[in-house]
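Heads up, the thing below is written out as structure tokens.
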Amino acid sequence: MGFWKSLFSTSETATTRPVQTEGAASSSLAAGTGSRIFFSTDRDIDLYELEELCDAVGWSRRPLRKVKKAIQHSFMVLTMWEQKGTQRRLIGFSRATSDHAFNATIWDVVVHPDFQGKGLGKALMAQLIKKLRTEDISNITLFADPHVVDFYRQLGFMPDPEGIKGMFWYPD
């Protein structure tokens with residue numbers, strides 16, 4: 001519960017914070033080996049680079065025009081980058097849709113396999129939730145594939161205790 005408590009706390013020291021802040025749109029973490037990791041809310045993302053990231057984790061391809069539309073219509077987009085010298089590489093992506101008042105749903109959380117298991121997925125989620133909380137969003141939901149449910153449980157997400165809120169409609 002400490003993860004969630006830190007995100008709902010108003011104390012600056014209680015939240016999981018990056019080492020260095022570079023303005024409102026991005027913040028960074030030391031990555032070692034002469035590189036740094038930084039987050040950005042800039043939506044101007046090379047869709048081919050995002051497609052490569054999704055390919056790296058085995059996601060099925062989606063039409064780029066629809067991916068672009070999803071990004072444009074998202075309430076929030078947060079990307080994670082590795083910077084080595086003048087080169088930068090997209091290593092993480094997440095987005096959220098919202099009613100702009102109470103609720104947000106997190107979608108498309110992805111971290112490149114080379115960077116998994118290092119706490120960067122947790123850092124990406126912490127940054128996204130922190131930014132949603134800054135927008136006064138208090139009800140945050142997500143959909144998770146079975147193999148990543150434990151990751152989200154560790155962050156304080158839980159299945160609907162009543163087991164009835166999640167419903168789906170798909171076209172025939």
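The values are calculated or read from the model by the stated rules, or taken from the named source; none is laboratory data. Worth saying up front: this structure is predicted, and the values here are computed from it rather than measured. Cβ placement follows ideal geometry from the backbone for every residue including glycine, while neighbour counts extend to all protein chains displayed.
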Would you be able to say whether some residue in region 121-142 is in contact with a Gly (Cβ under 8 Å, 6 or more places away or on another chain) and in a helix (DSSP H, G or I)? yes
Can you name every residue in region 131-150 that is within 28 Å of residue 36 (Cβ to Cβ) and surrounded by fewer than 16 Cβ atoms within 10 Å (Cβ to Cβ)? 134, 135, 148
Checked 47, 78, 90 against criteria (surrounded by fewer than 18 Cβ atoms within 10 Å (Cβ to Cβ), modelled with pLDDT of 95 or more and aliphatic (A, V, I, L, M)); the one match is 47
Considering only residues that are part of a strand (DSSP E or B) and farther than 18 Å from residue 165 by Cβ, look in region 97-115 and name the one that is nearest to the chain's Cα centre (by Cα). 109
Taking the stated definitions as given, is residue 118 basic (Lys, Arg), part of a helix (DSSP H, G or I) and either surrounded by 13 or more Cβ atoms within 10 Å (Cβ to Cβ) or on the phi > 0 side of the Ramachandran plot (or both)? no
